[in-house]
Each structure stands twice: as C-alpha cells, then as structure tokens.
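Let me give you the structure first, and then I'll get to my questions.
The values are calculated or read from the model by the stated rules, or taken from the named source; none is laboratory data. This structure is a prediction, so every number in the text was calculated from the model and none was measured. Methodologically, a virtual Cβ is constructed for each residue, glycine included, from the backbone with ideal geometry; neighbour enumeration extends over all protein chains shown. These accessible areas exclude ligands, DNA and RNA; they are computed on the full protein's heavy atoms, side chains included. Shrake-Rupley method; radii C 1.70, N 1.55, O 1.52, S 1.80 Å.
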Number of protein chains: 4
Amino acid sequence: MADETARLSIDAVNGMDAETFVAAFGEVFEHSRWVAEMAFASAPFQSLSAVHAAMQDAVEAASETARLDLIRAHPDLAGKAALAGALTAESSVEQASAGLDRLSPEQMNRFRTLNAAYVERFGFPFVMAVRGADAARIIAGFEGRLGNDRASEIHRALAEIGKIAWMRLLAAVVPAPTGRLTTHVLCTATGLPAAGMPIALYRVGTDGARALLGSFTTNPDGRLDAPALAGADLEAGTYEFVFETGVYFARAGLATDAPPFLDRIPLRFSIANPERHYHVPLLVSPWAYSTYRGS
Amino acid sequence: MADETARLSIDAVNGMDAETFVAAFGEVFEHSRWVAEMAFASAPFQSLSAVHAAMQDAVEAASETARLDLIRAHPDLAGKAALAGALTAESSVEQASAGLDRLSPEQMNRFRTLNAAYVERFGFPFVMAVRGADAARIIAGFEGRLGNDRASEIHRALAEIGKIAWMRLLAAVVPAPTGRLTTHVLCTATGLPAAGMPIALYRVGTDGARALLGSFTTNPDGRLDAPALAGADLEAGTYEFVFETGVYFARAGLATDAPPFLDRIPLRFSIANPERHYHVPLLVSPWAYSTYRGS
Amino acid sequence: MADETARLSIDAVNGMDAETFVAAFGEVFEHSRWVAEMAFASAPFQSLSAVHAAMQDAVEAASETARLDLIRAHPDLAGKAALAGALTAESSVEQASAGLDRLSPEQMNRFRTLNAAYVERFGFPFVMAVRGADAARIIAGFEGRLGNDRASEIHRALAEIGKIAWMRLLAAVVPAPTGRLTTHVLCTATGLPAAGMPIALYRVGTDGARALLGSFTTNPDGRLDAPALAGADLEAGTYEFVFETGVYFARAGLATDAPPFLDRIPLRFSIANPERHYHVPLLVSPWAYSTYRGS
Amino acid sequence: MADETARLSIDAVNGMDAETFVAAFGEVFEHSRWVAEMAFASAPFQSLSAVHAAMQDAVEAASETARLDLIRAHPDLAGKAALAGALTAESSVEQASAGLDRLSPEQMNRFRTLNAAYVERFGFPFVMAVRGADAARIIAGFEGRLGNDRASEIHRALAEIGKIAWMRLLAAVVPAPTGRLTTHVLCTATGLPAAGMPIALYRVGTDGARALLGSFTTNPDGRLDAPALAGADLEAGTYEFVFETGVYFARAGLATDAPPFLDRIPLRFSIANPERHYHVPLLVSPWAYSTYRGS
C-alpha cells in the first residue's frame, strides 16, 4: 500500500519523546497540535489503533469551543484555500485523490453552491474523509448533511475528522500485524458447510483493476485452512473474493439452471483497519446469497 | 446473443407443419426425433418455454426404456466419439464452448478415468449441459454424480438433457418478449427504501469482460422507474449490477468506515430463460447485504 | 387497541379552532403548548402522521434553548416527581405501563443511581419512550446513553420525545385507514415463490398471550390475495405471523430432517404507525430464513 | 425426551452379539431384519449416527428388488392395516403421534383417496416419517409426491424410511453426548457483535407449550460463554430462542420506533440428531434479521 521504507514502526513511535511525537503527528488532526500533545500521555501504544484512540479521546475530552475550532481548522473542500495552495500537505493529497483538483466547471459550481449553503447554515466548513471517494459520493454527503440539525452535524464532522486522522496515521506508521481476513461458506439449501469450493482473492485498485492475490478451496467445514490474508499482507484497501459457486453446486448435485443463476459470486469489500479481523462469510443457495462483516 | 437473422420467430414455428417442425427440432433432444414428433401435437405455442415444456412432457410420458435410450444417444464427453468427429453439430459446438476440445493431456486423462468409472457404474454416458461451463465445473459434476444411486442419476441425466434442449431451442428461435429484469434496494439499517442510489448494469462476456448496458438511479421506493431490461433486450447470458452503496450511505448519513466496508456492490447473475421475470433485489446495510431471485 | 368512542376522528381534529386544538393537544409535548400552537398553522391534516410531522417541525424550528426547555419539562423517570404525583396524566400512565410504579427496592436504587449520573452529566432529565418497555430495556437505554456526548444526547432525547408524542396522539385520535400489512414467501432453495403455505396471524398482548386474527394460504406468487390486515383493523401493537414451512417443504418435495429443522416459523414484529404499509416477507429454505421490513 | 431407564447405552449396543442386535433392532427398518443383520458387521459403533449410517449403507447396497420390498413392508397410512391393528408396535405409535388414529370422517376420506391414487400410480404404499407431523403436512406430502416420477419417488420413500429408522433408534438408544447448541448475534447495523443481549431458551412441546430451559447474555463477541445445551441435555425435539433485541438496540443507541419493529425475536427450530452441533446464529438490525443452521 505504501513505501514501507517511508513508514515508521510502532516501536519507533514508542521510542519518541513528546516533542518528536508532536512533530511527527501534530498535523494528523488538521492544524491542531494539541491533540497529539494530549495523546502522547497514553504512550507507549500497542497498536496504531491505540494511537488513534488516544487522539480521539483527547478530542472528546476537549471543550465544545476547542472541537469547533478543530472543525474550523479544515479547508473548504474545493474552496478558495484549495485554489490558492494554502492546504496542509496531507489535505492536498487527500483532495487530489478524490479528484477534487480536476473538477469540470459545472461540478466546481455545484461544489461552490453546496459549500456556501453549508457554511451559511452551520458556520463552519464541510469536512469529509474524501480519500478514495469520488465526486458523486462527496456531493451525496453534502446534500444529506445539509439537512442535519447543528448538533448532529458537529457530531458528524468530528467523526469524519476521526476517519481522516486514521488514514493519515496509516500513511505514516506500519500497523501492528494483528489483522486477518477469513471467510466461511455455508450452503443454505443443504444446511451444510460448502466444501470444495474454489475461491479467488483479488486486490482492487482505485481504477477498478483487479490483481490476483491467492486461490483457495474450502475445507470440509466450509472454511479456508488459514486466513486468506494476515499480518503484514493485510493492507487497507479494497478486495474482492470470487466464489466458484457453480463448481460447488455441480459437485453437491444441487439443481440449477444452465447457466446457473449464481455461477461465480464476487464479494467486494474494503478494509479500513488492517489491525482488525475481517470475517467475510458467504451464505448461499443456487438462488440467493448473503454476506456480512462477521467476527 | 445470436445473429437474429438466423433465428426463427415463434410465429414461424407455429406456421410449420409436422414434418418441417421435426426437421427443424428433431435434434434438440439428441438423435431422438420422437420427442419433437410428440411435442408437435401441442402446437401452436405461445412461447419458446411452451415448446420446451411440450418436449419435456413427451420425455416424461415415455417409457423407462425410451428414456434410457435418450440418455444413451448422447456422446461421451471428451470420449472416443468426440475425437473421431461423430457428434451432432450441436454437441460439437457445446463441447467446444466448454473448452473440452483443448484439454491438457492430464485433464484428458482425468476425464477418461471419470468417464470410464461413470459408464461402468451406470451403463450409460455422462450427460451434462456444458455450454458455458469450464473444466472445473464439469469435473465437479462428474465427481458428485458418481456417488448417486442409479435412479437418482437417471433423473439427473434427464434434467441435464432438458437444459441442453433449452439452450438448443434458444439458439434456434427468438424467445417471446415477455421477460424483464427488475431490482429493488432496501436499507436494512433504516427500514426504508434506498432512494437515489446510482446503479449500473453490465453484460458479462464469457471471458469476464463487462460492457455497460445502462445507468439508473433508484426512485423514492428504492426501485427503478422501468425494468432495467425488457423484451428483446433481455437475452440469456450473464449480467452484473453494480450498486453505488457508498453514495447512498453518504446521503443517508449512515456511519461508515473510510473507505466504506461496502462501497460498490457487484451482483453477478445469469439469465437462462429470457421469457421470465428476473427480480434481483438488494437488501443492504453498511455491513451486510443479501440478494435473491425474487418474483 | 383503544375505546374508539373515546378517540377523535381526524375530521373532528380538522374541525377544531386553534384554541380547541391546543386544549386537546397541548400536552402531547410535555408542558409545552407552544408545539401544538405552531403545528396548528399546518391544519387541515390528511393523517395523524401529518399532525405529528407538523409538531416535529415546530420542535426542529425552535431555538436550542426552547428545545432544552422541552427536555427539561419531562419528569425524572422513577424520580421524586413520580413518587410525589406531580406528573401529567399521560406521563403517569406511560410510566405505569413500563412497570416503573412497582419496582423492587434494588431496581429503584439502580434507577436512582443512573438517574443521578445522567442528570449530573447532561443537566437535564433522562427521557425515554417507555410505554411497552420493561425495566431491562430502560436500564439498557440509560447505560448506553450515559456514554453519549451532550450534543448527541440532546438529539436522542428529542427523538424519544417525538416517539412519546406519537403514542399520545395515537391514544387520542383514530389514525387514517391508509395502512396495511402484507407478506410474501420466497423459497431460496428453488428460486420460486412458496405457494400453498398456510400462515396464521396473531395479535400478541403485553403479557405475551396470542389471539388468532386470521388464517391464510399463499397464492402461486407466494403472496396473500389481500392484505393480512388493512385500514381500521391494522392497529399499533405487536403481531406474530406463523408460517407453516413444514407443510410447504413436504409439498415441494424438499428434503428435510424429521422433524424439519424449520417446521413452523414465527415472525414477531410491532407496528408503531398504523397509517403505514408494513411488508413483512419471508425468504426461506429448509435451513435458513430471513425477514425485513419491506416496501 | 424419553424414559432413560428404558433406553440402551451405546456401550450396551456394542456389547451385543449378532442375534441380540438383530432382536433389538430388526424392526428399525419395518419387517426387514436383513438391514440390522448386515449393519452388525460394522460394529462396534462410536455413535448412534454410526449405527444408522451402517443400516443406510445396507439399504443402499441392496438390490432394487430388496429396496422395493422394504418399501412394500410398510403399512398404508390410515389404511386397512391401521384399522385392523396389524401394524408393528413402532408404526402404531408413530401413526398415533401424527393424529392419524383420530381423523374426522372427511379427513379419512381424503387420506383414502390419496392413498388409492398413490398405490395405483406407484404400486407401493405411501411412506412418510409422520411422528410429530400433523394431518396438513402429511396431506401436503401426499399431494407433492403424487407428481413425482417413479424413480424419484422410490428415492424419496427410502429417504423417509431412513428418517423413520433414525427416530426408532433414538427411542431405543441414548445418543452419544457429542452434540451442542450454540448461537452468535451479529448486528448488521453496526458491523459489530451484539454484546449484552439477553437470550432465553425454551423447549417447545408437541402442543406448542414452552418450558424455560435457560437464560443467557451475549458476551463481547456476541456469543454465549458456553453452549446453550450440550451432551445429555441436548435432546431431539423443538426449541425456541428468544432474543431481547429491544434491550440491545436501547443500549447500542440504535434508532427504533416505539415499540421497536423487532423487540423480541423468537427463533424456533428442531433438532433431529442430538449427536450433532447445531449453531443457530442471529444477524440482526432494527429492521431485518436472518438465521441459518451454521457450523
């Protein structure tokens, strides 16, 4: 996901003194070094999630005024600051990754209109974790949030700031190798684990292109013998499982159409926190399926 | 799906006399013209499904001996006949489309071993609707069906023959324009229809390549204002809906990770009978979804 | 659900002048007649939902101070006011229906402790729509909401006040007969509607006792020929469908254990707004099922 | 479930010689002692499931004639034999438990009509595992199976005979204590395990009456700390979990109606083989839920 030589280890973070820590992470919450200063009191950290949690706690413990100032420290999306180059380096990268630096004149107008309405209604800039989002998602967020009451919107803006902070931390520090990706296939037509089903796992790029990461076959319990990804191999990003259900139905003797209604099932999902366990099971019959984030 | 100039209309089928009908459809059930002969008694037909149903009724009304002869009329998959070129034209095309004409020596050996075991156990050749299936699915079918008792396997072989017949009819006759493809998106986090969700529909080729067929947005009831495909536009084959759930979650104000666990959901499914209604809904929250063939 | 002779019709409400309207509905929002006063400007009303929406709009348009005063107008749950009898008549009935007038000394202590912590943290009383809730649900609400930040908790308290208001309106006015209860059974093992399935519908009392309201059988599309309940027969409250899946599986020839894993499926749900459409479908195979509020 | 003093242990079964074994189990397959004779060759048995599997293998290895004779050894349901008292003791009990000894004259006529049609079509009596089934399920089975072809119906009749045999074995021998009943609650609105949810487990009698077996609360992973039932406590029969979802939603701060659409969710299911693991999870949001037999 990133140039590992450029990312710190958690050990390196835990070796920092307060000044170094704040120098490294003072901009994780935009122009608000006090967040890193307070979070440092919780060092050492067992994980990057723990660093983030300490920072979130600092924000939650802050006064309403300080939290409003934190929101106000953010640039307008596609606003004057963006045009004039006054963003933090992090904000520039994030806004570019959402395509906000190459909007058509019409899109730019729509953004300006929504931005103006938002600032007029709430008195602070619209903040959204836009890295990886496209213009349609950002406009949808704008439109939905314009209807909030002010208290709800403050809550929501702080939640977005928390997500931005997490993505910034992840770009700077290698997460702890505690995460894993697992799956489990159950056949709802037979009530049994779906054994012997081939599964492929792909990494999906921001352009939608897929790269094969591995090929697996379910064991008699319908699981893989080991996690599909674990530890350092589990990076934040978008993935796709492809389940060869047609092969399973043929072996299990389940009646299907020709071709089967469900022959190859893609499950596409994103991993935001690679320190966590992502269990992504498939419940399937020849005519229906479901999935969920399990545990 | 096919060169329409080469396919008959149902009206043209209904204009045939018995001899012409049997000449046209006598090989829909392999080397078994009696099926077409009996089915002709049910003419005229309202749909291609009705032609197929009349043929299936003929097979079901036949004696056990006649049904066994029907199974035995089929070539061995990848067997001597295939090598020697004695297949019906239809069988040759079908076996080629499953890649059975370009197996590796190892695969060919595996097929021969399974074929021999199957013929030894049941006394008739292995029949499977292979058009569109790959070697993995065919081998899975072989392995699963070798464990059947004989009565079950006769039942299964006749079901496969019915599917082969349907695909042959579809290649020869334009189906009635009665089918349609619809969807409906319900949000299980809010208990409400998911309004304003962008959806794309793709046709998926046998090589997995996708071609965009249309772009839609859900209305306030979570449905499309018209079928995604209907009538002559609805062809047998594989399709993929892509639901822009990330856009919907952003507008609805539902909390998600960044990126959302479920940002774009692909639903891939195949339509075997374009005269039918395929309702393919999505029930979705930020952490789970399900789909099914509805009505 | 109520003594209809004691409830007003919507026509009667629409015939009121401002003074009568406020006299009738001034306590729907506790000790806050201004809500009814502002809502009256939206008369006439097509439905009770419209009355409620007009009142909610008034609350949303009010100042933060007025909204806080609205929260503060509510009695402490199980607090001094309850003991001293200073509640509005509506509040007394609601707290009695949740069993708060007959707590054990230990429960009373737990309530007092949570109440004190809540008031200390937020500076206003804990408000929850408790009619029909038991002590476990109320304590869970207390515990969960103590962790909120203040802005979120104000939002939540106002949402609870909106639900209390709705239940008060429903006790006073006969809703418009626009609602209906429907179902639909799809078999995920066959991909077909589940036809011929017997279904019973029960009303469930607050003590859990069930009274049979009707018996139905699914038609060939897996639906009932008419709503299970509609119009005046659809009252707020708790219902249970019982689906005779064992009968369906037997007729459809689907393999099951003996007894079937799923022989009779109860779906229990509550209707809060009888002016709405409640679609409660069942997706079922012999080994799995799901339901959801549809549309 | 049964008077344990009257049931044998598996050790006792394994201590039998061939003659004793056949004397004990010769009627598990109706009037067909050869099944027990052949199965004895597989002794000793690790479980009652293994005894059953050995008997099923004997049936599958038998000639078509022997299998047809096995079907023909069964009495007509509600037929002349039942009236005249010529049933095996096991058959009498089973038919009484399905209420077939107290049919109304109209029901008796319907049974006779179906019975006659069935025997005419297939040439052997209708066999169905009726213990615990009611007249509606049996009639549905009759109607559905009358449409089968003969080979499918032979297959189906033997499957029913296998289920009858299992229930007879279970009435005679205490199963191995290897089974357990577990659950797991995942919240699809938050993507997290549903912690702190109260759950009750009931045994459901043949009259529908419920007896409380235990009360539990989900742990932080959404599971119970131990199986809800295990070993000798897990008996064949019907159970109901009741999930206090309203309590969970209140604590988790999820918005619901008042009362919640899903306040208490009953999951009713039957356990046919107490030597197995039954995992019965709940995936739930305030507006939707699903369950399935897991592993």
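Out of the residues in the stretch B:134-160 that are assigned to a helix (DSSP H, G or I), more than 18 Å from B:Ala116 (Cβ to Cβ) and within 14 Å of chain D (Cβ to nearest Cβ), which is most open to solvent (accessible area, probe 1.4 Å)?
B:His155
Then there's this: Filter the strands (runs of 3 or more DSSP E) completely within the stretch D:167-257 down to those with at least 1 residues that are open to solvent by less than 10 Å² (accessible area, probe 1.4 Å), within 14 Å of chain B (Cβ to nearest Cβ) and not basic (Lys, Arg).
D:185-187
Among the listed residues A:Ile271, A:Ile265, which satisfies the condition of being under 30 Å from B:Ala236 (Cβ atoms), surrounded by fewer than 24 Cβ atoms within 10 Å (Cβ to Cβ) and of a type in the set (Val, Ile, Thr)? Write out each step before concluding.
On the way: A:Ile271 fails: under 30 Å from B:Ala236 (Cβ atoms).
The unique qualifying residue is A:Ile265.
Additional query: Within the stretch C:73-82, identify whether any single residue is at pLDDT below 95, open to solvent by less than 30 Å² (accessible area, probe 1.4 Å) and on the phi > 0 side of the Ramachandran plot, and answer yes or no.
yes
Okay, next question. Could you count how many residues in the stretch C:16-41 are assigned to a loop (DSSP other than H, G, I, E, B) and either open to solvent by 70 Å² or more (accessible area, probe 1.4 Å) or under 25 Å from C:Ser92 (Cα atoms) (or both)?
8
Scan the stretch D:108-133 for residues that are within 14 Å of chain B (Cβ to nearest Cβ) and either open to solvent by 10 Å² or more (accessible area, probe 1.4 Å) or farther than 19 Å from B:Ala62 by Cβ (or both) and jot them down.
D:Arg121, D:Gly123, D:Phe124
Looking at B:Ala226, B:Ala236, B:Ala211, which is the one that is touching a helix residue (DSSP H, G or I) at 6+ places or on another chain (Cβ under 7 Å) and either aliphatic (A, V, I, L, M) or within 29 Å of A:Thr256 (Cα to Cα) (or both)? Full working, then the answer.
On the way: B:Ala226 fails: touching a helix residue (DSSP H, G or I) at 6+ places or on another chain (Cβ under 7 Å); B:Ala211 fails: touching a helix residue (DSSP H, G or I) at 6+ places or on another chain (Cβ under 7 Å).
Answer to the selection: B:Ala236.
Right, something else. Please list, ordered by first then second residue, the pairs with beta carbon atoms under 7 Å, 6 or more apart or interchain, first in the stretch B:135-158 and more than 23 Å from D:Val59 (Cα to Cα) and basic (Lys, Arg), second open to solvent by less than 40 Å² (accessible area, probe 1.4 Å) and modelled with pLDDT of 90 or more.
Correct list of pairs: B:Arg137/A:Gly246; B:Arg137/A:Val247; B:Arg137/A:Ala250.
For the stretch C:274-292: of the residues being crowded, with 23+ Cβ neighbours inside 10 Å and either of a type in the set (Asp, Glu) or outside any strand (DSSP E or B) (or both), which is nearest to the other protein chains (Cβ to nearest Cβ)?
Going through the qualifying residues, I end up with C:Trp287.
Could you please tell me which pairs satisfy a Cβ distance under 7 Å, a separation of 6+ or placement on different chains, a first residue in the stretch C:249-271 that is at positive phi, and a second residue that is open to solvent by less than 30 Å² (accessible area, probe 1.4 Å)?
If the second residue must be open to solvent by less than 30 Å² (accessible area, probe 1.4 Å), the pairs left are C:Gly253/D:Gly144; C:Gly253/D:Arg145.
Can you pull out every residue in the stretch B:42-63 that is assigned to a helix (DSSP H, G or I) and of a type in the set (Ser, Thr, Tyr)?
Of everything in the stretch B:42-63, those that are assigned to a helix (DSSP H, G or I) and of a type in the set (Ser, Thr, Tyr) turn out to be B:Ser42, B:Ser49.
Where the second residue is not in a helix (DSSP H, G or I) and the first is under 9 Å from A:Ala39 (Cβ atoms) and lies in the stretch A:49-65, which pairs have Cβ atoms under 6 Å and are six or more apart or on separate chains?
Short answer, once both residue conditions are applied: A:Val51/A:Phe45.
Which pairs turn up if I take residues in the stretch A:15-44 that are without any contact (Cβ under 8 Å) to a residue 24 or more places away in the chain and small (Gly, Ala, Ser) and look for partners that are surrounded by fewer than 16 Cβ atoms within 10 Å (Cβ to Cβ) and part of a helix (DSSP H, G or I) with beta carbon separation below 6 Å, at least 6 apart in sequence or on another chain?
Correct list of pairs: A:Gly26/A:Arg33.
Of the conditions (1) closer than 14 Å to B:Glu30 by Cβ; (2) open to solvent by 70 Å² or more (accessible area, probe 1.4 Å); (3) of a type in the set (D, E, K, R); (4) not in a loop (DSSP other than H, G, I, E, B), B:Glu94 clears all except one; give me its number.
(2)
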